[in-house]
1. Cα centroids of segment 160-181 and segment 234-259: how far apart, whole angstrom?
2. Work through the residues other than Gly203 whose Cβ is under 9 Å from its Cβ and net out their charges, Lys, Arg +1 and Asp, Glu -1.
3. Could you size up the charge dipole of the chain around its Cα centre, putting +1 on the beta carbon of Lys and Arg and -1 on that of Asp and Glu, and report it in debye to the nearest 20?
4. Quick one: longest stretch of the chain between exposed loop GluC sites (Glu not before Pro), exposed meaning at most 16 other C-beta atoms within 10 Å and loop per DSSP?
5. For Ala172 and Arg70, compute 0.36 nm times the residue count separating them, minus their Cα-Cα distance, and round to one decimal in nm.
6. If each of Val153 and Ala87 carries a label point 7 Å out from its Cα toward its Cβ, how far apart are those two points in nm?
7. Add +1 for every Lys or Arg and -1 for every Asp or Glu among the other residues with Cβ under 11 Å from the Cβ of Ala278, and state the total.
8. How large is the convex hull of the C-alpha atoms of segment 38-310 per residue, in Å³?
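Where a number appears in this text, it was derived from the coordinates with a stated rule and is not lab data. This structure is a prediction, so every number in the text was calculated from the model and none was measured. Cβ sites come from the backbone with ideal geometry, for glycine too, and all protein chains shown count toward neighbours.
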Amino acid sequence: MRRVLLTYVVLCGLPAGAAAADATVAGDPAALAGAASPVFSFEGGLRYWYSSGEASKDLYGTGGTVMVSRLTYNDLDARSGEFFFNATHNPTGIFIKGFIGAGGIAQGSLTDEDFLPYSNTLSDQHGGRITYFTADLGYNFWNTPRYRIGAFVGYNFWNESYHAFDCAQQAANPEICVPAITTNMGIISQDNDWHSLRLGLAGQTQITERLSLSGDVAVLFTRLDGEDQHHLRPDINPLPEDGNGHGIQLEAMLNYKVTDLFNIGIGGRYWRAGSTGAAHFEETPSGGRAQVLHWEAERYGVFVQASIKFN
């Protein structure tokens, strides 16, 4: 076909560049591949994530069978901002993606239950923080003009801190928070670092020329490093806590291409992690023995984003 076109150029006096363009339009595979397949694709942008969550810990005796206390943090509403990116090497299908974010946990509550004897106190939570970071490396094993699916391995760091103030007894125990403490006094602070290995799948489908749907799911293998501060009990402060466990992270996003360069999107996210380990009373000023501890944390919410994309 190219030889026929060049012959036509010679006979008709057309510029050689025009012939090359005609060859591309006519379907020259090499020319089409060079025009449609850049070596790298990159997207980067900003997100705002509004989320809520819960966290709880169950403390057992040294034998691990009798529950001593349970602390439950509820309605942990957070607002955070983040930067995200993803880059793909198109010839191989190898990609990297990630995000980093931080924000405040403006409100919430703490229910503190003790079982020997029974006590149930309620406190307000405010002044908490959330920070997080994720990085994944993966490979797109199925890649068509409309669908893309890849597997990845990555790391996630997730920190949350809570600060409980005031204290009111909800049960009949006359020894704890009676009368109620209402002077904005700090009662308990908690700081948890979740370190997780991520194994998962990521995918995208092109719904229309401008609209696409993407998401990922990751299983977590988690390590918890935490610290508890009971401000009214300096003999056990600070109390180190640790543990190992599992979790899951889910994310889905609907993306709209405003221009070839600029995109906007809306999505949802769900995180859950749990661990079983120990509260290390032997490392506190009062001494003692380590006690069995189970932690669970959950966070879910919606986000909006804007990004610049280079194909």
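1. Computed from Cα coordinates, the inter-centre distance equals 27 Å.
2. On the way: positive: Arg148; negative: Asp216.
Here the charged neighbours net out to 0.
3. The calculation lands at about 1840 debye.
4. Between the exposed loop sites, the longest stretch runs 1-174.
5. On the way: separation 102, 0.36 × 102 = 36.72 nm, distance 1.71 nm.
Value of the extension gain: 35.0 nm.
6. It is 2.1 nm.
7. Working: positive: Arg289; negative: Glu241, Asp242, Glu282, Glu283.
Summing Lys and Arg as +1 and Asp and Glu as -1 gives -3.
8. Details: hull volume 34.3 nm³, N = 273.
Taking only Cα atoms, segment 38-310 has a hull volume of 125 Å³ per residue.
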